[in-house]
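What follows is one structure encoded as structure tokens, with my remarks underneath.
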Amino acid sequence: MREKLIAVRHKTLGALRDAGLHLHAYCNNPGCHWSAPLDLPSIIARLGEHQSALPPDLAPRLVCSRCGGKNVAVVLSAAPELPDDAAAYLRQTNRHHNE
Ligand SMILES: [Zn+2]
């Protein structure tokens with residue numbers, strides 16, 4: 001279950017930064033699928049280190065910088081790059097259309 005990627009211990013942006021973890025944004029817009037690492041220090045400067053880092057709290061505050069879409073997913077990762085399989089997973093789970 002990819003949801004396990006979300007470390008429940010690190011609930012705030014400040015905790016993520018202190019743990020050396022990385023956040024990635026992933027655009028759910030069909031035809032965009034832009035993904036990029038989030039710059040934690042600059043997000044903390046904007047939202048504060050006590051801002052919840054849980055995707056349901058954080059994702060609505062993000063906007064895709066490529067297409068301007070607001071349907072952005074947040075992925076927590078120990079790696080500075082979003083793993084390919086995570087991107088593929090997001091692409092899959094984002095298909096809401098029933099076959
Ligand atoms: Zn986008």
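No lab work stands behind these numbers, since they all come straight from the coordinates. On a predicted model such as this, the values are computed, not experimentally measured, just so you know. Every residue, glycine among them, receives a Cβ derived from its backbone with ideal geometry; neighbour counts consider all protein chains shown.
Numbers for the structure displayed
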{"read-out": "Amide hydrogen neighbours beyond the local backbone of T12, cut-off 5 Å, H modeled", "value": "A53"}
{"read-out": "Rounded to whole Å, sorted largest first: equivalent-ellipsoid semi-axes of region 2-93, Cα gyration tensor", "value": "20, 15, 11"}
{"read-out": "Two-site label geometry, Y89 and L54: point separation in nm, points 7 Å out along Cα→Cβ", "value": "1.9"}
